[in-house]
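Working notes for the structure below.
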Amino acid sequence: MAGLARALRRPAAVIAGLVTAAIADDVSNGPRLARRLSAKRKPTWNVVARCGDLGAERTLVVLAHHDAAPTGRIFDDRAQVWFGQRFPGILERIDTSLPLWWALLAPPAAVSVGAARGKRGLLSAGTAGSVIAAAIFADIARSPIVPGANDNLSAVAVLVALAERLRANPLRGLRVLLVSCGAEEVIQGGIYGFAARHFSALDRERTWFLNLETVGSPALVLLEGEGPVVMEDYHDRSFRDLVARAADDAGASLRRGMRARASTDAVIPSRASYPTATLASMDRYKTLSNYHQMTDTPENLDYTTVRQALVVAEATARELAANQWMGR
């Protein structure tokens, strides 16, 4: 039996290592080989509208997503609220959200290292952690879908209101694409379809992406970057500077310096070298209000922040239209 156990150590280490790599690859929007081999493809729908100066050479793409998230016990934010109430000064200095995906990567990585080195304690801890992770995802799978008012119908509402404003007061010199993607909650489902269909026609020197993600919490923020595993700042800081300047000129409150450990549709255009920025929001505890919870309903939205997101989006479009020189 001892010989058999030793013989199984190497394949166990390899398999656990491959599982760790597959998870990191999937949540980071890598090649996603495991997903391509194992997942059954399901259809999703993107909605694309065009407004502004349709004949212009320069384009602003305003992104949102219209699918809603599942809930689950793991999304309970009471621990972060507790921490924020007791240590507000420390929380204020933390501008990058917690790397929750690391907790999912740690158990199979521990199994791999434990099996390779014959460390029973590490192997046992990794196995127990993997069982807990499987239970968490089973809980998410059987939990209901949230109403999705903040995440992300608040952003879809901004798209609709922006279309109304640009129709009433047209732009010159800038085409605007209003894009609402499906299947964002399965880690960027719809944006890949948009990229495959539209990126070839969008000049990287004359196109900007403004992503709207959960803009119904009390404070509007401009994300500098994101990364579930490895943090990546969005491509071209000068565009984020332009968004911040447009917000200031329009009198909208906008906090900078925040980075997210979740992934959004913005990562796809950013990696394709398009100037990219994301507007999001947070509460006093630096959480997304009612995130993946059944309380994510219209009456719990902060409509002042939703309106500010609209003001910033329109101001950004008009700033780009006015600054015909801007490019890289």
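The values are calculated or read from the model by the stated rules, or taken from the named source; none is laboratory data. Because the structure is predicted, anything quoted here is derived from the model rather than measured. We place every Cβ from the backbone using ideal geometry, glycine too, and count neighbours over all the protein chains shown. For the accessible areas, the whole protein counts, side chains as well, though only heavy atoms, and no ligand, DNA or RNA atoms are used. Shrake-Rupley method; radii C 1.70, N 1.55, O 1.52, S 1.80 Å.
Annotations for the structure displayed:
- Output for segment 140-159, where each listed residue is open to solvent by 70 Å² or more (accessible area, probe 1.4 Å) and in contact with a His (Cβ under 8 Å, 6 or more places away or on another chain): L153
- Only listed residue being modelled with pLDDT under 90, buried (at least 17 other Cβ atoms within 10 Å of the Cβ) and hydrophobic (A, V, I, L, M, F, W, C), chosen from L104, L98, L123, L162: L123
A quick yes/no check of all residues on (1) in contact with a helix residue (DSSP H, G or I) (Cβ under 6 Å, 6 or more places away or on another chain); (2) among the charged types (D, E, K, R); (3) over 30 Å from N211 (Cα atoms); (4) assigned to a helix (DSSP H, G or I):
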residue: G55; (1), (2), (3), (4): no, no, no, no
residue: D67; (1), (2), (3), (4): yes, yes, no, no
residue: V81; (1), (2), (3), (4): no, no, no, yes
residue: Q85; (1), (2), (3), (4): no, no, yes, yes
residue: L98; (1), (2), (3), (4): no, no, no, no
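- Scanning segment 74-85 for residues that are out of contact with any Ser or Thr (no Cβ under 8 Å at 6 or more places or on another chain) and open to solvent by 40 Å² or more (accessible area, probe 1.4 Å) yields I74, F75, D76, R78, A79, W82, F83, Q85.
- Any hit, segment 140-148, residues being in contact with a Gly (Cβ under 6 Å, 6 or more places away or on another chain) and closer than 25 Å to Y291 by Cβ: yes
- Among the residues making up segment 51-67, a single one is open to solvent by less than 20 Å² (accessible area, probe 1.4 Å) and charged (D, E, K, R): R58.
- Residue match in segment 234-256 (condition: of a type in the set (S, T, N, Q) and within 30 Å of R36 (Cα to Cα)): no
- Taken over segment 40-60, the criterion of being aliphatic (A, V, I, L, M) and over 27 Å from the mean Cα position of the chain (by Cα) is satisfied by L54, A56.
- Condition met for A135 (within 30 Å of N323 (Cβ to Cβ), open to solvent by 20 Å² or more (accessible area, probe 1.4 Å) and either touching a Ser or Thr at 6+ places or on another chain (Cβ under 6 Å) or not polar (S, T, N, Q) (or both)): no
- Filter pass, V176 being at pLDDT 95 or above and either over 18 Å from A321 (Cβ atoms) or small (G, A, S) (or both): no
- Close contacts from segment 127-140, counting a first residue that is part of a helix (DSSP H, G or I) and a second that is open to solvent by 60 Å² or more (accessible area, probe 1.4 Å) and charged (D, E, K, R), with Cβ to Cβ under 7 Å and a gap of 6+ residues or different chains, come to D139/R73.
- Residue satisfying condition, being touching a Leu at 6+ places or on another chain (Cβ under 7 Å) and hydrophobic (A, V, I, L, M, F, W, C), within set L222, L202: L222
- Lone qualifier among L18, L63 - being over 19 Å from the mean Cα position of the chain (by Cα) and not in a loop (DSSP other than H, G, I, E, B): L18
- Of the set (1) hydroxyl-bearing (S, T, Y); (2) open to solvent by 30 Å² or more (accessible area, probe 1.4 Å); (3) part of a strand (DSSP E or B), all apply to T278 but (2).
- Single residue of segment 191-224 satisfying the filter (touching a residue at least 40 places away in the same chain (Cβ under 8 Å) and among the charged types (D, E, K, R)) that is nearest to R318 (Cα to Cα): R206
- Subset of segment 225-255 [open to solvent by 20 Å² or more (accessible area, probe 1.4 Å), closer than 15 Å to R318 by Cα and either touching a Leu at 6+ places or on another chain (Cβ under 8 Å) or among the hydrophobic types (A, V, I, L, M, F, W, C) (or both)]: A244, D248, A250
- Flag for S273 being loosely packed, with under 15 Cβ neighbours inside 10 Å, in contact with an Asp or Glu (Cβ under 9 Å, 6 or more places away or on another chain) and not in a strand (DSSP E or B): yes
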